[in-house]
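FYI, it's all coordinate maths here, none of it is from the lab. Model, not experiment: these values are computed from the prediction. Reconstructed Cβ throughout: ideal geometry from the backbone, glycine too, with neighbour counts over all protein chains shown.
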Amino acid sequence: MAPILCSSMPEIKVGGHIDDIQELRRARPMMVPERYIRDNSERPRRARLPDSLQIPIIDMSKMIRESDVQFHHELAKLATACEEWGFFQVINHGIDTHKLEDMEEVAREFFDLPLEEKEKYPMKPGTIQGYGHAFVFSEEQKLDWCNMLALGVEPPFIRDPKLWPTNPSHFSETLDKYSVEIRNLCQRLLRLIARSLRRVNENVFNEMFGTAVQAVRMNYYPPCPRPDLVLGLSPHSDGSALTVLQQETDTVGLQILKDGAWVPVQPTRNALVINIGDTIEVLTNGKYKSVEHRAITNKKKDRLSLVTFYAPSYDVELGPLPEFVDEERPCMYRKYIHGDYSRHYVTSRLEGKRTLEFAKITEQL
Ligand code: OGA
Ligand code: NI
């Protein structure tokens, strides 16, 4: 999740690291610097998994009219997806494919620019927006094989217009149009997710979130001569309520942790990958899961992913909803203000689900 540090937040040294892999590859195509080489235990291994092991695919066109039998069938599929996988892909989501393709195109054009051009939008130390690498805090920390551009989108006060690329010229306009569509999709999904839980009103999340925070991170993974030694993106869960990921269909890179195995997400044409973030896990008292995931690299092909994080307004207080707390499932998380969690998230390394310990109740009284 790439929430934005408010100006009132104390100065903390985060992000601000530019270690451009595309430049590195131009100079030394076969080189993998030490800082990217993972310890043995973290390296991606080829797992033998059945091809059928796949995150569920939810057809949103089946969830329009409640009077249809298929509505309830698909809603039940959605409930299982959120409970057992924390991840699913949506098809027939209603977003014009041109808007998705246009966004992909301008993002690619941006990453293809020479470094001097991309450096005009630097992620400065103490910030987490711009071109660079967030979540880097020490010289010893291993780096991800990925170049990133992170931008706050909504509400307007989190935007830093100086960091919105003017090259390619239609970048900002394209991102704005794209973000409106993704925002509507998130609100629609949150209504459906609320319904699938059966115990709460369908507007519960949208009403509670206020003016939701929306941020985007574009991840560009150049090819890597030794994909077996590096990670594209370290394992983490997302600090958002929902995350929407768009990816190209010709490479596989995203993997999710399921029953101890890293399961690849097979890209599906015109589908969007959705995952449950930490906010929904907390609100549902762990019924719906924010699942750990990571990205790996490929030897021959690069990969681009466009990731939108949709989260409550910073001032919203979160904690398990009473409908999900009972004797069988005692309250697992304390109450906290989302802005405080966001700050905690962006000032911590990406390290599995560790950030959520912020909210975990470890001892039952
Ligand atoms: C993220 C993320 C995965 C990917 O940006 O939070 O999980 O495949 N990205 O880029
Ligand atoms: Ni993620």
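Quick look at the values:
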{"item": "Per-pair calculated FRET efficiency, R0 = 25 Å: D340 and N184 via Cβ, rounded to 0.05", "result": "0.30"}
{"item": "Residues M31 and K162, FRET efficiency given R0 of 35 Å [Cβ-Cβ distance, rounded to 0.05]", "result": "0.60"}
{"item": "Dipole moment magnitude, nearest 20 debye, the range 118-228 about Cα centre, only Lys, Arg, Asp, Glu C-beta charged", "result": "320 debye"}
{"item": "Total charge dipole magnitude, the chain, about the Cα centre, Cβ charges on Lys, Arg, Asp, Glu only, Debye to nearest 20", "result": "700 debye"}
{"item": "Mean shadow area of the range 240-350 over all directions, Cα convex hull, nm²", "result": "8.7 nm²"}
{"item": "R0 of 25 Å, Cβ-Cβ distance E119-S169: FRET efficiency to nearest 0.05", "result": "0.85"}
{"item": "Quotient of C-alpha Rg and 2.2 N^0.38 Å, computed over the range 110-269", "result": "1.17"}
{"item": "Point-charge dipole on Cβ atoms (K/R +1, D/E -1) for the range 243-365, about Cα centre, debye to 20", "result": "680 debye"}
{"item": "Unit charges at the beta carbon, dipole of the chain: most positive-side option, P161, Q266, V316", "result": "Q266"}
{"item": "Zero-based 10 Å bins, Cα pair distances in the range 178-307, whole percents", "result": "11, 40, 33, 13, 3, 0"}
{"item": "Stokes-Einstein translational diffusion, the chain - Kirkwood Rh over all Cα pairs, 1.306 mPa s, 10 °C, in µm²/s", "result": "76 µm²/s"}
{"item": "Value at 222 nm in deg cm²/dmol, rounded to 500, when DSSP H runs of n ≥ 4 in the chain each add -39,500 (n - 2.57)", "result": "-7000 deg cm²/dmol"}
{"item": "Most mobile of E66, E281, E173 in a GNM of the chain (Cα contacts under 10 Å)", "result": "E66"}
{"item": "In degrees, nearest ten, helix 69-80 long axis to first principal axis of the chain (Cα)", "result": "60 degrees"}
